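The values are calculated or read from the model by the stated rules, or taken from the named source; none is laboratory data. Predicted model only: the values in this text are computed from it and were never measured. Positions of Cβ are backbone-derived with ideal geometry, glycine not excepted, and every protein chain shown enters the neighbour counts.
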Amino acid sequence: MSDRRLPSLSAVQATARFSNRRLTPEEFQAYVDAPVSEAEREEALRLIRWFKKRYPTPAERLAYVQRSYTRWRTADLGVRRR
């Protein structure tokens with residue numbers, strides 16, 4: 001078991017507020033137009049290679065996604081579900 005502590009309820013709530021906020025059209029466009037750095041691109045490609053090696057077939061990838069979705073839906077993070 002990990003010794004890491006869970007984040008406080010206030011930190012979880014603040015993160016939820018931030019991540020669920022509505023962007024203005026200008027904020028959204030700035031995000032979409034932001035260039036991807038070479039380091040970000042390489043990291044994404046590295047993760048894709050790892051994932052495809054770990055889950056080589058479409059069936060294995062789908063099974064992983066289904067398991068992850070189930071974990072996400074059943075996790076109790078102290079945030080009230082809508």
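What pairs can you find where one residue is in the range 55-79 and modelled with pLDDT of 90 or more, the other is in a loop (DSSP other than H, G, I, E, B), and their Cβ atoms are less than 9 Å apart, with a gap of 6+ or different chains?
R61/Y55; L62/Y55; A63/Y55; Y64/Y55
Which condition number does W50 fail, the rest of (1) assigned to a loop (DSSP other than H, G, I, E, B); (2) at pLDDT 95 or above being met?
(1)
On the given criteria, is L45 among the aliphatic types (A, V, I, L, M) and touching a helix residue (DSSP H, G or I) at 6+ places or on another chain (Cβ under 9 Å)? Reasoning before the result, please.
Working: among the aliphatic types (A, V, I, L, M): yes; touching a helix residue (DSSP H, G or I) at 6+ places or on another chain (Cβ under 9 Å): no.
It is false that L45 is among the aliphatic types (A, V, I, L, M) and touching a helix residue (DSSP H, G or I) at 6+ places or on another chain (Cβ under 9 Å).
Please determine whether any residue of the range 40-47 is in a helix (DSSP H, G or I), surrounded by 10 or more Cβ atoms within 10 Å (Cβ to Cβ) and modelled with pLDDT under 95. Quick ask: steps written out before the conclusion?
So in the range 40-47, the residues in a helix (DSSP H, G or I) come out as 40-47.
Imposing the further condition that a residue be surrounded by 10 or more Cβ atoms within 10 Å (Cβ to Cβ) reduces the set to 40-47.
Applying the additional criterion that residues be modelled with pLDDT under 95 yields none.
No, because not a single residue in the range 40-47 is in a helix (DSSP H, G or I), surrounded by 10 or more Cβ atoms within 10 Å (Cβ to Cβ) and modelled with pLDDT under 95.
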